[in-house]
1. Any residue at all in segment 63-73 that's in a helix (DSSP H, G or I) and hydrophobic (A, V, I, L, M, F, W, C)?
2. Out of everything in segment 8-61 that is touching an Asp or Glu at 6+ places or on another chain (Cβ under 7 Å) and assigned to a helix (DSSP H, G or I), what residue ends up being surrounded by the fewest Cβ atoms within 10 Å (Cβ to Cβ)?
3. Please pick out the residue among Arg73, Arg88, Arg68 that is touching an Asp or Glu at 6+ places or on another chain (Cβ under 6 Å) and either of a type in the set (D, E, K, R) or crowded, with 16+ Cβ neighbours inside 10 Å (or both).
4. I'd like to check something: does segment 20-29 contain any residue that is of a type outside the set (Gly, Ala, Ser) and farther than 13 Å from Ile82 by Cβ?
5. Only one residue in Glu62, Glu17 is in contact (Cβ under 8 Å) with a residue 60 or more places away in the chain and closer than 16 Å to Ser80 by Cα, so which one is that?
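Where a number appears in this text, it was derived from the coordinates with a stated rule and is not lab data. Note that the structure is predicted; figures quoted are calculated from it, not measured. Here the Cβ is made from the backbone with ideal geometry for all residues, glycine too, and neighbour counts use every protein chain on show.
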Amino acid sequence: MRTPHTSILAAYSEPREQIYRALLAHPARDWRVSQLAEEIPDVSVEAVRTTLYLLLGDRLVEAVPHQRSLTLRLTSEGRSTIEEITRRWTTVGAAVEEQP
């Protein structure tokens, strides 16, 4: 796993978790911001947009060429990085729940 340059991408938040889960559920899918926002209606369009642009800046998603509007696809490195981030969240969450 590559450590994201933008540490906010590894920081837990419920909206970010939902975005990552949607991306991982369909790793080969091409996404526009509006499509991903429709997939997870509990997350604001702004949160989706911001997260996708941060992922793009860290090259964890790539722009799909020849599209009229910005369309992004998870890279293989992005997939492994996001899988590792969500695994850490699960591990940390389990450890916190076990503490008295």
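1. Within segment 63-73, not a single residue is in a helix (DSSP H, G or I) and hydrophobic (A, V, I, L, M, F, W, C).
2. Filtering first and then ranking leaves Leu24.
3. None of the other options fit; the residue is Arg73.
4. Checked against the condition, which is being of a type outside the set (Gly, Ala, Ser) and farther than 13 Å from Ile82 by Cβ, segment 20-29 yields at least one hit.
5. Criteria check complete, one pass: Glu17.
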